Amino acid sequence: MAFDLEQFKHQQAAAAPAETKSLSNKQLKALEDRTTLEEERVYRRGTVSVRDLIAPAAFEVQPTHLMLGDMFVRTLFVTTYPRYVGIGWGSPIINYKGNIDVGMFFYPIKAEVILKQLRDKVGVLEAQIVSDNDTGKPRDPIRETALRDVEQLRDDLTQGIEHFFQFTFYVTIYAKTKDELDKRTENIESIFGSKLIYSKRGFYQAEQGFNSTLPLCNDELMITFNMSTSPIASSFPFTSSDVTSDNGILYGINRHNNSLVLFDRFSMQNANAVVFATSGAGKSYTVKLEILRSMMMGTDVIVIDPEMEYRQLTDAVGGTFINVSLASNAKVNPFDLPRPKGEETSVEDILRSAVITLKGLLRIMIGKPMGEVGVLGFTPEEDSILDRALLEAYAKKDITADLPSLASVTEYPILDDLLDVLEGMEGAANLVARLQKFTSGTFAGLLNSPTTVEMRNQLVVFSVRDLEDELRPMAIYTIVNYIWNVVRSERKKRILCIDEAWWLMQNQDSAKFIYALVKRARKYYLGVTTITQDVNDFLSSQYGQAIVTNSSIQILLKQSSAGVDLIVKTFNLTESEKYLLLEAAVGEGIFFAGQKHAAMKVVASYTEDQIITTNPQQLLEQERAREEFQKSLTAAQAVAEPKV
């Protein structure tokens, strides 16, 4: 019941003498405060606090465990550690699948106290070793190791390299049943035991152990172990997977610790990258995001686009979009030659390299099977004829090995010129017949023309979507060769993105050419990004494996169960990383930068997402929005026009 001040005054007035019936103001104030406090206490008794909400319904203390409501609780404490523990040895405990609380307490000890104890310990150990020597006993390696450890610790403490602590480590385990609690306790003890760490269960100290792991910083068990700074640091249970640098662009968010994955690919030993993912996992989205952010840093970007996915990005940034097809006006001449600047490269070397590259293209175009399935080639006679014919085709345009430079060259040969030369050579009839479909037959509009495209923009996209599957490998080969010639002619910070690169891995010559490009790109300030969804075709090639090895940055997004084992073998992934790739959502995966790697989630702003999205639903909504806007704009213009 609340305290009644008025009733109290009345009682005091009736009982006290007349001269003391009047109370001082100070006493009245004290009585009023007492009344207020009593009323607040009564009020709080009828309200619900946070403590009431989180408190268990019951708390029962047993010798080996607690009953916290309907939960069974037990605390383990560590008593002994081995001589050596690895960094992050507590991570398996933190990552344990059950509910646990971990408590660690550190009690620093003054160095002079420890040094005195260590000095006495050294004296005892040395005396024992000397005594063993004098009596002829065999050496004791345990004592000798202990003496070395103590001496090392004395030196480190004296120099301030190490500090000394008393360390406690407690684990409180929660379970819904007694059997489950026992099973989880055994699992935790097994984890400790695998690292030669000895732990015990709290016996008649269940409540004290539970209190020691509550977030109250209250160690009621006080079971300590002496440790210096280094093993204390290794006991910290979290190992950071930090993959970032001071400069570069944002690739995504580190899923381990929510830090940013920032990297400048041109600061690595090479600027090459590979991206592996299944269809719809977000590989094109990731690459387009990198392109957009790289352009903001002043990098030129060239893309080979097999599905016309980069058209919207090109339009948004004012880039150049080149649609390569049989009916297109955009032509690339495979006979073009580079004009290297700042290099002492003779015309003879350039011409020899061009002939080798062209023979690789011709093997894809008109080569025939030679024994091994899928390997295209020529007979030795045909190879020799082509070698001479290519040199003569260049000679028809006055391009010979004795030229001082290519500065005066204004015209290069085309396929028709090669065909004319072959028609006049003995034994070349079969080659002429196979080559004619590319000069006057069905495929005449692809490679038989001088180059009509230019690369004078920060973003240039070559689309090969409208080409037949049979023509894509040779078209991509020719485009990459043209890009390589431009890169060698003008050294500039560039990125070349080859989407669906498995097309080129199907032929040995094109795979070898891409590998050579990746290997030499660093010299010309070029980074090659190789993108593929067909992992098996890409990595089964020896050149595919070599391309991965020569790529400093590797991005693995969601993988299919059919190809994940090859990915695991190639990148030496753990089982947990394997399942991460199998179960990853769109835009999630693993980011490799040199020897570092971490789980990553690709993130984009709203504006970036609108520009680079490949989601058909989003694209359809954007198209409808544009149509609605165009209709409203047309209607507004019609209203604004004066009527005649």
Handout entry: Candidate aspartates and glutamates - alpha carbon under 18 Å from Lys183, same-chain residues fewer than 8 apart omitted
Key = Asp70, Asp101
Practice task
Hey, for a label at Glu381 modelled as a point 7 Å past Cα toward Cβ, could you say which residues of the stretch 411-438 have their backbone N under 13 Å away?
Solution key: 426-431
Fill in the blank from the handout: Going fewest to most other Cβ atoms within 10 Å around each Cβ, Val355, Val102, Val460 line up as Val102, Val355, Val460
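Do any chymotrypsin sites (Phe, Trp or Tyr not before Pro) in the stretch 226-318 lie in a loop, going by DSSP, with at most 14 other beta-carbon atoms within 10 Å of their beta carbon, and if so which?
Numbers: sites: Phe238, Tyr251, Phe263, Phe266, Phe276, Tyr285, Tyr310; in loops: Phe238, Tyr310.
Of the chymotrypsin sites (Phe, Trp or Tyr not before Pro), the ones in loops of the stretch 226-318 whose Cβ has at most 14 other Cβ atoms within 10 Å are Phe238.
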Practice task
Run the numbers on the stretch 334-474 and let me know its relative contact order in percent, using alpha-carbon pairs under 8 Å that are six or more apart.
Solution key: 24 percent
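With Cβ to Cβ distances under 9 Å as the rule, what net charge do the other residues near Asn270 carry (K, R +1; D, E -1)? Spell out each step's value before the answer.
On the way: positive: Arg265, Lys519, Arg522; negative: none.
Here the count lands on +3.
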Completion exercise
From the Cα centre of the stretch 410-436 to that of the stretch 476-498, the distance in Å is 27 Å
Exercise for the section: Return the tail of the calculated pair distribution for the stretch 148-276, meaning the percent of Cα-Cα pairs more than 17 Å apart. Expected result: 75 percent
Fill in the blank from the handout: Under the 7 Å Cα-to-Cβ spin-label approximation, Ser245 and Glu207 lie apart by a distance in nanometres of 5.9 nm
Practice task
Give the cross-link partners of Lys601 among the aspartates and glutamates, using a straight C-alpha distance below 12 Å as the criterion and excluding same-chain residues fewer than 8 apart.
Solution key: Glu588
Exercise for the section: Take the Cα coordinates of the chain, assign each an equal point scatterer, and use the Debye formula without solvent to give log10 I(q)/I(0) at q = 0.08 Å⁻¹. Expected result: -0.84
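Gain in length, Asn95 to Asn25, computed as 0.36 nm per residue apart minus the alpha-carbon separation, to one decimal in nm? Mind dumping the intermediate values first?
On the way: separation 70, 0.36 × 70 = 25.20 nm, distance 6.47 nm.
My answer for the length gained is 18.7 nm.
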Handout entry: Potential extension, Arg388-Ala58 segment - 0.36 nm per residue separation minus Cα distance
Key = 109.3 nm
Completion exercise
Contour minus Cα-Cα span, Glu220 to Leu620, at 0.36 nm per residue, comes to 137.6 nm
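Tell me the Kirkwood hydrodynamic radius of the stretch 59-234 in angstroms, computed as one over the mean inverse distance between distinct C-alpha pairs. Mind showing how you got there, number by number?
Working: mean 1/r = 0.0546 Å⁻¹.
About 18.3 Å for the stretch 59-234.
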Handout entry: Mean Cα-pair separation over length for the chain, i.e. relative contact order, pairs under 8 Å, 6 or more apart, %
Key = 16 percent
Practice task
May I ask you to list the residues of the stretch 583-619 whose amide nitrogen lies under 12 Å from a point 7 Å from Cα along the Cα→beta-carbon direction of Thr634?
Solution key: none
Fill in the blank from the handout: Footprinting proxy, Thr400, Thr570: sorted fewest to most Cβ within 10 Å, the residues are Thr400, Thr570
Problem - Exceeding the 31 Å Cα-Cα cut-off - candidates Lys519/Lys569; Lys283/Lys569; Lys178/Lys558 - result: Lys178/Lys558
Handout entry: Local electrostatic count at Thr168 - Lys and Arg +1, Asp and Glu -1, tallied over other residues with Cβ under 13 Å
Key = -1
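Expressed as a rounded percentage, what relative contact order does the stretch 59-234 have, with Cα pairs under 8 Å and six or more residues apart?
Contact order relative to length: 43 percent.
What ranking do Cys497, Cys217 get, fewest neighbouring Cβ atoms within 10 angstrom at the top? Don't skip to the answer; put the middle values down first.
Numbers: Cys497 24, Cys217 8.
Lowest to highest Cβ neighbour count: Cys217, Cys497.
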Completion exercise
Any aspartates and glutamates whose Cα falls less than 17 Å from that of Lys397, other than same-chain ones fewer than 8 residues away, would be Asp336, Glu348, Asp387, Glu411, Asp416, Asp417, Asp420
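Bear in mind that the values in this text are calculations on the coordinates, not laboratory data. From a predicted model like this one, the values you see are computed outputs, not experimental measurements. Positions of Cβ are backbone-derived with ideal geometry, glycine not excepted, and every protein chain shown enters the neighbour counts.
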